[in-house]
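As structure tokens, the structure follows; a few thoughts come after it.
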Amino acid sequence: MSDTITDINSLNVGTLVLNDGAYYTVQIAGGVKYLRQLTEAELSTYFENNSWTLSYALDTNSWVSFHDYYPSVMVNTRNILFSSDYKRLYKHNVKDKYAKYYFVGSSQPVYASYVDAVFNPENVFTKVFSTVNWVSKTTNAAGTNLHQQTITDLLIYNSYQCSGSLDLTLKSSSNAEALNYNMYNREGTWGVNKFRDLVNNTANPFIDSELNVISSNINSNKPWYTQKRFIDKFIISRFSFDNVSQNSLYLYDVSANMRLSAR
């Protein structure tokens with residue numbers, strides 16, 4: 001590959017060339033070499049698209065969030081943000097179109113939103129973590145508060161343990177006796193205390209380089225007597241909202257209950 005063309009005749013046929021932001025291959029016809037620009041479909045045979053977008057907060061001078069969409073160009077007016085994938089122009093922050101970015105086929109997929117919170121008080125001490133708590137508000141398009149709705153998934157992990165993604169079920173009068181719930185709401189504070197380590201093999205990773213769970217190393221059928229409590233100097237909790245309902249979720253506060261390990 002070359003990023004500066006000096007003599008095309010010195011390049012082999014099929015050589016991939018980057019020039020002025022576009023990719024070409026060296027071709028030959030009638031004994032004369034020339035550059036042919038690759039189509040978008042052809043580019044996928046040369047590259048794996050692992051793109052993402054990172055946003056920067058001017059008030060804290062820090063990078064604050066990753067985004068699933070990856071535009072070719074972004075522009076803004078005083079109040080509106082636009083982006084393009086070279087096919088269409090998209091307007092961002094549209095009401096009632098949450099986490100929908102770009103068309104795949106004829107539809108826009110809905111992405112989940114999540115916040116990772118690190119709980120690491122008294123960081124030199126090992127703790128036993130028992131409960132993860134949060135305060136949130138969910139509203140529909142009409143602005144009505146949905147008091148019995150909150151985040152949809154919770155993931156908890158530390159340096160060697162992981163709960164896997166927990167599909168949250170609220171404790172109610174109908175399921176309290178059956179114990180088939182893992183979340184409760186006490187006077188506006190949500191909580192989960194039914195989480196255990198489901199890592200199958202601690203010698204292998206369970207979170208990849210893009211912070212996604214490696215499901216092949218999570219065993220949801222792990223025998224209960226081998227599912228240990230979370231014991232470490234810290235835990236990371238991922239509070240996720242799948243956005244399927246297209247409601248608005250406001251996450252106000254997060255916390256964790258713990259005690260010092262006796263060992």
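The values are calculated or read from the model by the stated rules, or taken from the named source; none is laboratory data. Please read all numbers here as calculations on a predicted model, not as lab measurements. Every residue, glycine among them, receives a Cβ derived from its backbone with ideal geometry; neighbour counts consider all protein chains shown. SASA here: full protein model, heavy atoms, side chains in, ligands and nucleic acids out. Shrake-Rupley method; radii C 1.70, N 1.55, O 1.52, S 1.80 Å.
Values computed for the structure shown
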| read-out | value |
| --- | --- |
| Asn123 being within 26 Å of Pro205 (Cβ to Cβ) and either touching a Gly at 6+ places or on another chain (Cβ under 6 Å) or assigned to a loop (DSSP other than H, G, I, E, B) (or both) | yes |
| Residue that is farthest from Gln246 (Cα to Cα) [pool: residues in region 84-126 that are open to solvent by less than 90 Å² (accessible area, probe 1.4 Å) and of a type in the set (A, V, I, L, M)] | Ala117 |
| Residue satisfying all of: in region 231-248; more than 15 Å from Thr139 (Cα to Cα) and more than 17 Å from the chain's Cα centre (by Cα); least open to solvent (accessible area, probe 1.4 Å) among these | Ile235 |
| Yes/no for Asn19 being in contact (Cβ under 8 Å) with a residue 40 or more places away in the chain and closer than 28 Å to Lys87 by Cβ | no |
| Index of the failed condition, Leu81 passing every other in (1) closer than 30 Å to Lys194 by Cβ; (2) open to solvent by 40 Å² or more (accessible area, probe 1.4 Å) | (1) |
| Wholly enclosed strands (runs of 3 or more DSSP E) of region 127-228 bearing at least 3 residues open to solvent by less than 20 Å² (accessible area, probe 1.4 Å) | 127-139, 153-157, 162-167, 189-192 |
| Residue in region 146-158 that is more than 19 Å from Asp242 (Cα to Cα), among the polar types (S, T, N, Q) and at pLDDT 95 or above present | yes |
| Of all residues in region 50-81 being free of Cβ contacts under 8 Å to residues at least 12 places away in the same chain and polar (S, T, N, Q), the one that is nearest to Ser113 (Cα to Cα) | Ser65 |
| Residues (part of a loop (DSSP other than H, G, I, E, B) and either of a type in the set (Lys, Arg) or on the phi > 0 side of the Ramachandran plot (or both)) located in region 82-106 | Tyr86, Lys87, Arg88, Asn93, Lys95, Asp96, Lys97, Ala99, Tyr102, Gly105 |
| Residues satisfying the stated conditions in region 1-43, i.e. modelled with pLDDT under 85 and open to solvent by 80 Å² or more (accessible area, probe 1.4 Å) | Met1, Asp3, Thr4, Thr6, Asp20, Glu40 |
